[in-house]
Amino acid sequence: NELLHVGRHVKVTGGGRVQSFSALTVVGNGRGTAGFGYGKGATVAIATRAALRDAEKHAISVPLLPSGRLVHGFRAAQDGTHVILTLRRPGTGRRVGPFMSVLCDAVGLQDVAVKTLGSRNVKNTVRAFFKGVFENATSARLHAEKLGRRYVALDNVDVRRVAAAADAGG
């Protein structure tokens, strides 16, 4: 669980100032399941609890290769923010900023480079990142269905055995 951003909002009324807080959190197990949430409340603790509940409710599962990599990179946009994720050679590590590093840790991504273009709005950046990750997760399944083939999740398959069976003609 990681708290990414806390916003403080003040409303001036006839009786004085009324404060409220908003929080943006990300949760993930580091093995392909992650989500983000946004919550509001009268105190930071209430806002954080609401954001964590929202993040757990909206968590998605991303099919990663056994090495902790995505199948392919992506470009995703949310309002004025554009996120570009490219894959790097295995073993080279991540080349990301500290903010994106938290998101990559939550999902469990290795050997990637992430660049953010346009607006640096925190909420839109997180939304664009998760939009790209989610589309990446569903694109392999949709591509297989379009070709009329059966989709097999890579986390349940021993790739060496499948390759050996293909070489043997079976």
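Descriptive notes on the structure:
- Using a probe radius of 1.4 angstrom, the carbon and sulfur fraction of the accessible surface of the stretch 1-81 is 51%.
- Using a probe of 1.4 angstrom and keeping all protein chains present, the accessible surface of the stretch 60-103 works out to 55 square angstrom per residue.
- Distant-in-sequence amide H partners of V62 (H built 1.01 Å from N, under 5 Å): T33, A34
- In order along the stretch 29-41, the Karplus-derived 3J(HN,Hα) couplings, from 6.51 cos²θ - 1.76 cosθ + 1.60 at θ = phi - 60°, round to 9, x, 10, x, 10, 7, x, 10, x, 10, x, 10, x Hz, and Gly and Pro are given as x.
- Karplus-derived HN-Hα couplings along the stretch 97-105 (A = 6.51, B = -1.76, C = 1.60, θ = phi - 60°), whole Hz, x at Gly and Pro: x, x, 5, 5, 4, 5, 5, 5, 4
- For q = 0.20 Å⁻¹, Debye-computed log10 I/I(0) when each Cα of the stretch 49-108 counts as one equal scatterer: -1.01
- Amide H within-cut-off set for R94, under 5 Å, with H built and near neighbours excluded: D111, V112
- Annotation: lysines with alpha-carbon distance below 23 angstrom to K115 (same-chain offsets under eight excluded): K123, K131.
- Computed label-point distance, nm, for sites T33 and R49 using a 7 Å Cα→Cβ extension: 2.4 nm
- Using the Cβ of N124 as centre and a radius below 12 Å, the other residues enclosed give a net charge of +3, where K and R count +1 and D and E count -1.
- The Cβ shell under 10 Å around M100 holds other residues with a net charge of +2, Lys and Arg each +1, Asp and Glu each -1.
- Cut-off 9 Å between beta-carbons: net charge of the residues surrounding S20, Lys and Arg +1, Asp and Glu -1: +3
The values are calculated or read from the model by the stated rules, or taken from the named source; none is laboratory data. All of these numbers come straight from a predicted model, not from anything done at the bench. A quick note on method: Cβ atoms are made from the backbone with ideal geometry, for glycine too, and the neighbour counts reach across all protein chains shown. Heavy atoms of the whole protein, side chains included, go into the accessibility calculation; ligands, DNA and RNA do not. Shrake-Rupley method; radii C 1.70, N 1.55, O 1.52, S 1.80 Å.
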